[in-house]
Amino acid sequence: MNISNSSLINSSLTLNGLINPTTKYYTPFLFVVYDANSKIIAVSLPINSSLTYSFKLGCSYPCQNCTNSNSNCSTCYTSIWWITEIYLSQVVNTTTYTCTDKCLEGYYLNNGTCTPCNLNCKTCIIYGTNYSNGSPSTCLSCNTSMFLFNNICYSICPQGYYGSGSICSACQSNCFTCATYNQCSSCSAPFVFYSNRCLLACPAAYVYFLNSTDNRTYCVGCPANCKLCSSSASPSCIKCNKGYLLSNGTCVLVASGCPAGKYPDLNDNCVACQCLSCSGKSYNCTSCSGVTSLYLNQCLNNCPTGYYTLSNVCTNCPIKCAQCNSSTYCIVC
């Protein structure tokens, strides 16, 4: 090899007019500079048609240029034929840069520099097609307590998925949200949620409830011993099982009776006495008030024929009197 017009200027080496000694013509080739210990200290290809090779000496290979120290790289030797691609990468937890042949975990290739992936990515797409730029947001794995779904890291998996290990896995098809594959937490229409499952109908003693917060339908249990109850987050009983009385939305044993001041009606509901006073049942009157009068345990507005009102009680007319308004005044005999 014929080397002429070489010079060393300000720690830079420039070689001009390099030709192939065999062919006497220029053939592109890689030029490597070694130190006395056979360590590569500079590499170069011709930078223009004048066959000029330029080197920055004093940096530790594979740094092409460096600042402050010979190992704090600012640029690297890259795309050098058979030599592995080399990229600029920041040393973890420092402000120093080095040159590496592979971006470290948590970094991706960005215009020849290894750049940190997005905050939640543990690893991301390092290289694009033909070693082009990678992607900071196309995650391959996630940091602790994050879950990977469609190359994005989530703290909570999207609806229809649950966190399984480090990824988001699909719930059962009927689940709208779930904690595990076999544990639904809400259901897709037309299914209703019951005991971590999604059913087409609620079981007996349960009622449908549409939650306005998430617009999902849930099966909510009726109160104990209830046959039919209202549809709400806290259902009230409407009708009790046989042997129970309905009292304020709950069911009590017939043997226990209604709360004080209330009596069973004909439909076994605990209600206020329909009279001035009652005995046993709300309709079993023992006295009446106002313009009503007691007749056969009922309070009537008008006594039947043959009776007149005396102290709110329907009283028999005198003998042989078919209709009267007092014990001494007969209207019809």
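The values are calculated or read from the model by the stated rules, or taken from the named source; none is laboratory data. In this text, all values refer to a predicted model and were calculated from it rather than measured experimentally. FYI the Cβ positions are ideal-geometry reconstructions off the backbone, even for glycines, and counts take in every protein chain you see.
So, of the residues in the stretch 225-236 that are crowded, with 16+ Cβ neighbours inside 10 Å and in a loop (DSSP other than H, G, I, E, B), which turns out to be nearest to the chain's Cα centre (by Cα)?
This residue is Pro235.
Inspect the stretch 316-323 for any residue being crowded, with 17+ Cβ neighbours inside 10 Å and more than 30 Å from Cys251 (Cα to Cα) and give the result as yes or no.
Within the stretch 316-323, one or more residues are crowded, with 17+ Cβ neighbours inside 10 Å and more than 30 Å from Cys251 (Cα to Cα).
Kindly list, by first and then second residue, each pair from a residue in the stretch 287-313 that is assigned to a strand (DSSP E or B) to a residue that is β-branched (Val, Ile, Thr), limited to pairs with Cβ atoms under 7 Å and residues at least 6 apart or on different chains.
Short answer, once both residue conditions are applied: Ser293/Thr309; Ser293/Val313; Leu294/Val313; Cys299/Thr292; Leu300/Thr292; Tyr307/Thr315; Tyr308/Thr315.
Does any residue in the stretch 130-155 that is at positive phi and of a type outside the set (A, V, I, L, M, F, W, C) come within less than 9 Å, Cβ to Cβ, of a residue that is surrounded by fewer than 19 Cβ atoms within 10 Å (Cβ to Cβ) and in a loop (DSSP other than H, G, I, E, B) six or more places away or on a different chain, and which pairs are these?
Listed by first residue and then by second, the contacts come to Tyr131/Ser79; Tyr131/Glu85; Ser145/Ser155; Asn150/Pro158.
Any residue at all in the stretch 198-214 that is buried (at least 17 other Cβ atoms within 10 Å of the Cβ), of a type in the set (D, E, K, R) and touching a Ser or Thr at 6+ places or on another chain (Cβ under 8 Å)?
No, the stretch 198-214 contains no residue that is buried (at least 17 other Cβ atoms within 10 Å of the Cβ), of a type in the set (D, E, K, R) and touching a Ser or Thr at 6+ places or on another chain (Cβ under 8 Å).
For Lys239, only one of the following conditions fails: (1) more than 30 Å from Ala201 (Cβ to Cβ); (2) surrounded by 12 or more Cβ atoms within 10 Å (Cβ to Cβ). What is its number?
Evaluating Lys239 over (1) more than 30 Å from Ala201 (Cβ to Cβ); (2) surrounded by 12 or more Cβ atoms within 10 Å (Cβ to Cβ) leaves (1) as the failure.
Would you mind listing the strands (runs of 3 or more DSSP E) fully within the stretch 89-179 where at least 1 residues are out of contact with any helix residue (DSSP H, G or I) (no Cβ under 6 Å at 6 or more places or on another chain) and of a type in the set (A, V, I, L, M)?
In the stretch 89-179, the matching strands (runs of 3 or more DSSP E) lie at 107-110, 121-125, 135-142, 147-149, 152-154, 167-170.
Are there any pairs with C-beta distances below 8 angstrom linking a residue in the stretch 253-274 that is modelled with pLDDT of 85 or more to a residue that is among the acidic types (Asp, Glu) and assigned to a loop (DSSP other than H, G, I, E, B), with the two at least 6 apart or on different chains, and if so which?
Between residues of the stretch 253-274 that are modelled with pLDDT of 85 or more and residues that are among the acidic types (Asp, Glu) and assigned to a loop (DSSP other than H, G, I, E, B), the close pairs are Val254/Asp268; Val271/Asp265.
With (1) closer than 30 Å to Ser185 by Cα; (2) at pLDDT below 85 as the list, and Asn143 as the residue in question, which single condition is left unmet?
So the condition that Asn143 fails would be (2).
If Leu246 satisfies every condition in (1) more than 30 Å from Gly165 (Cβ to Cβ); (2) among the aliphatic types (A, V, I, L, M); (3) surrounded by fewer than 19 Cβ atoms within 10 Å (Cβ to Cβ) but one, which is the exception?
Unmet for Leu246, out of (1) more than 30 Å from Gly165 (Cβ to Cβ); (2) among the aliphatic types (A, V, I, L, M); (3) surrounded by fewer than 19 Cβ atoms within 10 Å (Cβ to Cβ): (3).
Going residue by residue through the stretch 165-177, is there one that turns out to be small (Gly, Ala, Ser), more than 25 Å from the chain's Cα centre (by Cα) and surrounded by 13 or more Cβ atoms within 10 Å (Cβ to Cβ)?
no
Taking Thr213 as meeting all but one of (1) outside any loop (DSSP other than H, G, I, E, B); (2) within 16 Å of the chain's Cα centre (by Cα), write down the number of the exception.
Just one mismatch for Thr213, condition (1).
What are the residues in the stretch 135-150 that are among the hydroxyl-bearing types (Ser, Thr, Tyr), over 14 Å from Gly165 (Cα atoms) and surrounded by fewer than 16 Cβ atoms within 10 Å (Cβ to Cβ), if any?
Ser137
Being crowded, with 18+ Cβ neighbours inside 10 Å and in a loop (DSSP other than H, G, I, E, B) is true for just one of Cys270, Cys258. Which residue is that?
When all the criteria are applied, what remains is Cys258.
Report whether or not Ser186 is closer than 23 Å to Cys229 by Cβ and touching a strand residue (DSSP E or B) at 6+ places or on another chain (Cβ under 7 Å).
Yes.
Just checking, how many residues over the stretch 279-315 are hydrophobic (A, V, I, L, M, F, W, C), under 60 Å from the mean Cα position of the chain (by Cα) and surrounded by fewer than 16 Cβ atoms within 10 Å (Cβ to Cβ)?
So the answer is 0.
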